[in-house]
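The values are calculated or read from the model by the stated rules, or taken from the named source; none is laboratory data. Bear in mind that the values here come from a model prediction, so they are computed numbers and not experimental data. Glycine gets a Cβ as well: all are built from the backbone with ideal geometry, and neighbour counts include every protein chain shown.
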Amino acid sequence: MSESFSFYVQRYFMSYLIKQHNYGANTVSSYRDTFKLLLSFFASTNADVSKITINEITHDKVVEFMTWLGEVRKNGVSTRNVRLAHIKSFFRYLIMTAPEYSDQCRKVLGIPFGKEDKKPPECMSMDAIKQMLALIDSASDEGLRHLALLSLMYDSACRVQEIISLSVKDFHAGQCCRIYVYGKGNKYRSIPLLSETERIVSKYIKHFHLAPEAPLFSNKNGERLTRQGIRYIIRKYSQMVNETMPGTIDGSVYPHRMRHSKASHLVDSGVNIYNVRDFLGHESVVTTQIYLTTNPEVTRKAIESVAEKTVPESIDFFTKEERNDLLSFLDSLG
C-alpha cells in the first residue's frame, strides 16, 4: 500500500531541507510554496488532498501541474523551472529513503526543464546610481536613512533579505570597514566597504543613537524594513532620476537590480570573476559568469588584451609574395 504524500513531504522538509541541508527560512518558504501549489492543483481536479498518496504523484501528473502553472497561474518558464526543481529535489530524497518507488522517481526526474532565453541581468549604469544617491536630501532624518540604506545596498551588493537582517553590530567601522552578512545557506561572509559608505552609515548610526542589537534599518514603527518598504524607497528615487534626466534608468528598479549593477560594475572594472563570486556569496562561479555577458565591450577588450600578450603579428608568418596575395584577398572583401 502506498504511503501518504503528506508523510514523506513532512519528513523531506524536517529531516532533509532543514536539518541535513540547513536551508534558510526564505529557501524553505520557496519550497513550501511549491508544494502548496501542487496541492492546489490537485484540489482543482476535485481530489481529496488530505488522502493523496505517493503513487498519485506520477510523471503525467507533474507534467500536468507544470502546464497548470503556465495556463492558470500565468507563471513564466523560469518560475515553472524553479517549481520543477523543487519537486525533483523531493523525488531525489524519496528514491534514497523509499527505493520501492525508484521507477516512479526516475520518471519524474526525467521530466525536462522548459527552455528559456538566457538574458543578462538588468543593470543600471554607474552614472545612474550616482544620480540616484545625489538626489537624496541627507539633511533630513528620512533622507539620511535612505542614503545610508541605498549606499550600503549598492556598495555591498547584498541581497535584500541580507540587508533586512542586518543589525547595527554587523557593521564594523574602521580602517578595514566591513559588514558581516548572514546569507544564503546560513553562511556568514565578510564584505568590505568603501570609506564613503562607512562615513554615511556611521553618521546615520550616530544620528539615530542606534544600539548594537538594534536593526540597522527599521521603519517608523521601529520594526525591520520589509522587502516592500525597500522596493518603495528605491523606486521613489529612481523615478526622481528619470524626472530630472529622462531615460537615465530603463525599466523598473527593484532591490536585486542594485546587486546586479554592483556585480556588473565590478566585472567591468576587471575584478577577477572568482573574487566577484566570493563578494556576492555565490556557491559557484557559474552563477557569477552571467555578469561577463552584460557588457560586450568589456569582453572585446579582454580578448584583445590577451591577444596582444600571446599572439605575435600574424603578418610575420607570410612571405612577401604571400603577403601581397593576402592583401589582395582582403582588399577584395571591401
So how many residues does the range 3-16 have that are free of Cβ contacts under 8 Å to residues at least 60 places away in the same chain and not hydroxyl-bearing (S, T, Y)? 5
Checking D33 against (1) in contact (Cβ under 8 Å) with a residue 40 or more places away in the chain; (2) over 25 Å from R106 (Cβ atoms); (3) acidic (D, E): exactly one of these is not met. Which one? (1)
Note on the range 223-235: residues surrounded by 16 or more Cβ atoms within 10 Å (Cβ to Cβ), part of a helix (DSSP H, G or I) and touching a residue at least 12 places away in the same chain (Cβ under 8 Å) are I230, R231, I233, I234
Residues in the range 108-127: is at least one surrounded by 12 or more Cβ atoms within 10 Å (Cβ to Cβ) and farther than 27 Å from Q289 by Cβ? yes
Quick test of your reading of the structure: N22 fulfils all but one of (1) in a loop (DSSP other than H, G, I, E, B); (2) within 25 Å of the chain's Cα centre (by Cα); (3) surrounded by 14 or more Cβ atoms within 10 Å (Cβ to Cβ). Name the failing condition by number. (3)
Residue hits (the range 212-222; out of contact with any Phe, Trp or Tyr (no Cβ under 8 Å at 6 or more places or on another chain), assigned to a loop (DSSP other than H, G, I, E, B) and either hydroxyl-bearing (S, T, Y) or under 18 Å from Y182 (Cβ atoms) (or both)) are P212, E213, A214, F217
Please verify whether the range 174-181 includes one or more residues that are part of a helix (DSSP H, G or I), outside the structural domain of L17 (by TED's automatic domain parsing) and surrounded by 13 or more Cβ atoms within 10 Å (Cβ to Cβ). no
Take residues that are in the same structural domain as V9 (by TED's automatic domain parsing) and at pLDDT 90 or above and tell me which of the helices (runs of 4 or more DSSP H) falling wholly in the range 48-164 contain 3 or more. 59-71, 77-97, 102-109
